[in-house]
1. Using the Karplus equation 6.51 cos²θ - 1.76 cosθ + 1.60 (θ = phi - 60°), what ³J(HN,Hα) coupling, rounded to whole Hz, does each residue of region 149-159 give in order, writing x for Gly and Pro?
2. Please list Asp189, Asp103 in order of solvent-accessible area, largest first, computed with a 1.4 Å probe with all protein chains present.
Amino acid sequence: MRTTTPLRRALITVTATAAVVLGATGSAVAVPVSGTATAPHAAALSLSPLHPVVELAAERLATADLVAAAKWGTDSPIDDPAREQQVLDNVAAQAQQLGADPDEIRTIFRDQIEANKVVQRGLFQRWTDHPDQAPTTKPDLTVVRQQINQITSALVQALADTAENRGTFVCRPELALATFQVHYENHLDALHTRALHRALPSICRG
């Protein structure tokens, strides 16, 4: 299989990022790269080293649907400062155990939390405008949070594993490529695409 150099990745990323924007309504758009291959095909040549980070961020965002459904029609607010602080403290402690920068991991997870709330607010607005689309059953929030904790731990590990990649000059092109790949693979709709972009600005250093 042909390898993808950082320069080629950057070229693919330009097209891939455009495809994400054009496909923000929920379906990926195939855009030609180098005149022949489509963007999804070209991106599939080699996964970005940041793919695990973005994939886990998207997986964590998917749990926001369950959190929103659990809170819908209750007194539970979307903003939960006590829970958020607990998450930030836990990820900082895990980062320290892994030899990662606790402050950096805290900053990244602040973005994860805010992205999660983007989904929750978006769903609340959708269900308010279209009551027929509102959930009719409520997930157990305790069980959902156990799932979130597992994904969170995996994401901290992935961030520690990619610490070197996240400090290079090609980090942002790699991140954009990984975002395109995850968007395409998971068929993200406009709301979750917007939230995923909100989750990622602090992944790269500098």
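1. 4, 5, 5, 4, 4, 5, 5, 4, 4, 5, 5
2. On the way: Asp189 50, Asp103 105 Å².
Descending order: Asp103, Asp189.
The values are calculated or read from the model by the stated rules, or taken from the named source; none is laboratory data. Note that the structure is predicted; figures quoted are calculated from it, not measured. All accessible areas refer to the heavy atoms of the entire protein, side chains included, with ligands and DNA or RNA removed. Shrake-Rupley method; radii C 1.70, N 1.55, O 1.52, S 1.80 Å.
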